[in-house]
């Protein structure tokens, strides 16, 4: 199991793996730090074909070579059985399913079939749209394939109205998911929720207050030069400062003593989110009449 120490899980690394030098800088920056797993995008599902779509198999070679020198665990996103085949070939430790893949039961079925008989942890991001049933369906498909080491990642949801976040948190959905599957660790991805490095602390702190099981944060040696998601990536120094300021292990101990209050808060959030969603939909319909 990934989650075996009782402490929150910390996953961090670049949105996209771009070069051997970048990977080396990230690995050495995290050496002896609180990071449990390094994340690195190898294949990127981009909206347009002219965007950077990932370095591909070459990046897996860099990872395998650097693992000969440093002891670290790494996670990559997979969207097809071919991705899974290559990731396993290069001994990747953890696979994650992106939000754009979670929305497709056909894709999830294909990937789940490709990991049958393989003992590897799977992280499943929530679907892009606020549909908990798709999230649950993805979990069930991997369980049917024999995967038992599963974590859920809350990365926010796309909505059709403007707000300050790249993806609206809609906290009630992951909290209801957690209530239904208490055995599945819930990880918050503040980078994709916020879309802005200035908002990452706010989201990370709230998730810890809600007793999430960990964080997944994008970190790049030079965010301003990143080939994807530059605005939401932290420098290694800023990331380590963020983790220190959150004091997540202490927060976890304190929050465990207040779970009954948190359950009340969850219910209140759920009701408020419903009211907000209804109000925004009514507002959208009225705007269409203008």
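FYI, it's all coordinate maths here, none of it is from the lab. What you see is a predicted model; the values in this text were computed from it and never measured. All Cβ positions, glycine included, derive from the backbone under ideal geometry; neighbour counts span all protein chains shown.
Points to keep in mind about this one:
- Fraction of antiparallel bridges per DSSP, segment 9-289 only, in percent to nearest 5: 5
- Fewest-first ordering of 228, 245 by other beta carbons within 10 Å of each residue's beta carbon gives 245, 228.
- Values of log10 I(q)/I(0) for the chain across q = 0.14, 0.16 Å⁻¹ run -1.05, -1.39, by the Debye formula with one identical scatterer at each alpha carbon and no solvent.
- Relative to the longest principal axis of the Cα atoms of the chain, the long axis of helix 259-289 lies at roughly 80 degrees.
- Ranking of 96, 62 by neighbouring Cβ atoms within 10 Å, starting from the fewest: 62, 96.
- Angle in degrees between helix 236-246 and the longest Cα principal axis of the chain, rounded to the nearest 10: 50
- The long axis of helix 57-67 is offset from the longest Cα principal axis of the chain by roughly 70 degrees.
- Over segment 1-155, the Kirkwood radius and the radius of gyration, each from Cα atoms, give a ratio Rg/Rh of 0.95.
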